[in-house]
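*Asks:* Have a look at the structure that comes next, please.
The values are calculated or read from the model by the stated rules, or taken from the named source; none is laboratory data. Just so you know, these numbers come straight off a predicted model, no measurement behind them. Here the Cβ positions follow ideal geometry from the backbone for every residue, glycine too, while neighbour counts run over all protein chains shown.
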Amino acid sequence: MLQYACENCGQLLEAEEQQIGHQAKCPACGHVGVVPGRSLGQAVQVERRSAAWGVDREKHRDDGPSRYRDLRDDMANEPPRQSSSALPIVFLVIGILAFVFLAVVSLGAVLLAPAVAKVREAAARLQTQNNLKQVGLAMHNFHDVNGAFPMPTGFRTKEGKPGLSWRVALLPYLEEEMLFREFKLDEPWDSPHNQALLSRMPKVYSMPGADPANSQGLTYFQVIKGKDFLFDDNYLSKQKPRGPELLGRPINQVTDGLSNTLLAVVAREPVPWTKPEDIDGDDGRPIEGKLDDRFGKMYSLLLADGATRLQRPGKTQAEWKALLTANGGEIVPFD
């Protein structure tokens, strides 16, 4: 049932919904009019919305009799009907989508973590091999200039004691000539002057992947020294050096072959890079236990010909020493 007002006299009339669009006669004045498709209450609600949107209500008011206007004013004072809102559903959908997104991201991070770790490990291993190759190239350039490799103790102090490492002797051949000139070569590595240079370690001596906070001034790149090894503290070359460097064994005494002899390794424990300290191969402890194997349980090695290798664990102490002697006549294959 809907209500509407007579267009002639303003009398409030009622009609069934099926009469919408059909003619009906007003019982008060006899006027015949068409039953409208919207009730008076709905017309009032539309009028309210128009007022909220800034539409001038006067444009939409009927100019009918005062009875009709009073009736509309009474109905306008009625409280507005509450309409259902879709906002809770929207927020629920957004929450579900956010949860799904976070779950997918978290799962992806968990699944990708091993792959990312492997990529980082491969990159660090490659950088380590490159650093070793640069050390090998510097060793050979040093040999070309001085006629021999440096001794493990590259320099002695004025008192004849070990002073600075072979790593300092290689600086001019690693494009670090200016840093080399700042060292006092006749003072020990930990003198106040030389100690101040410890933090300026060249990047080539750094270990990729090592924590910078715990490895500043420390290097894992070392030689293995021992009796009859390529690096022997008791072997002093008769070749006269061009500077204060101490010279060790020349290439022509490496009769086992450069490709069969170790030049340098990555050690398990770091040392201050300027300190004349390296792996002792004659202290009775297993050499293999002193090598770093962080990259897939493989040892990073530098051969005397400048090549690098990754060696699996498992060689005996005798085999390691055979790889270190310069002219022992032993040929040990690599894995």
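*Asks:* Which one of Asp256, Asp233 is under 24 Å from Gln129 (Cα atoms) and modelled with pLDDT under 95? Steps first, answer last, please.
*Replies:* Values: Asp233 fails: under 24 Å from Gln129 (Cα atoms).
Unique residue meeting the criteria: Asp256.
*Asks:* Considering the range 196-209 alone, what residues qualify as being in contact with a strand residue (DSSP E or B) (Cβ under 9 Å, 6 or more places away or on another chain) and either without any contact (Cβ under 8 Å) to a residue 60 or more places away in the chain or not in a loop (DSSP other than H, G, I, E, B) (or both)?
*Replies:* Leu198, Val204, Tyr205, listed by residue number.
*Asks:* Right, next: Being within 39 Å of the chain's Cα centre (by Cα), under 30 Å from Asp305 (Cα atoms) and in a loop (DSSP other than H, G, I, E, B) is the filter here; which residues of the range 150-195 pass it?
*Replies:* Scanning the range 150-195 gives Pro152, Leu170, Glu175, Glu176, Phe183, Trp189.
*Asks:* Which condition breaks for Ala138 when tested against (1) small (Gly, Ala, Ser); (2) under 37 Å from the mean Cα position of the chain (by Cα); (3) in a loop (DSSP other than H, G, I, E, B)?
*Replies:* (3) is the only condition that Ala138 fails.
*Asks:* Select from the range 211-223 the residues that are under 14 Å from Pro272 (Cβ atoms) and crowded, with 17+ Cβ neighbours inside 10 Å and list them in ascending order. Give the steps one after another, and end with the answer.
*Replies:* Going residue by residue through the range 211-223, those that are under 14 Å from Pro272 (Cβ atoms) are 214-222.
Gly217, Leu218, Thr219, Tyr220, Phe221, Gln222 - these are the residues of the range 211-223 that are under 14 Å from Pro272 (Cβ atoms) and crowded, with 17+ Cβ neighbours inside 10 Å.
*Asks:* Would you confirm whether or not the range 282-302 contains a residue that is β-branched (Val, Ile, Thr) and surrounded by fewer than 21 Cβ atoms within 10 Å (Cβ to Cβ)?
*Replies:* No - not one qualifying residue is present in the range 282-302.
*Asks:* Given the criteria under 30 Å from Arg125 (Cα atoms), in the same structural domain as Asn130 (by TED's automatic domain parsing), of a type in the set (Gly, Ala, Ser) and modelled with pLDDT under 90, does Gly209 qualify?
*Replies:* Answer is yes for this residue.
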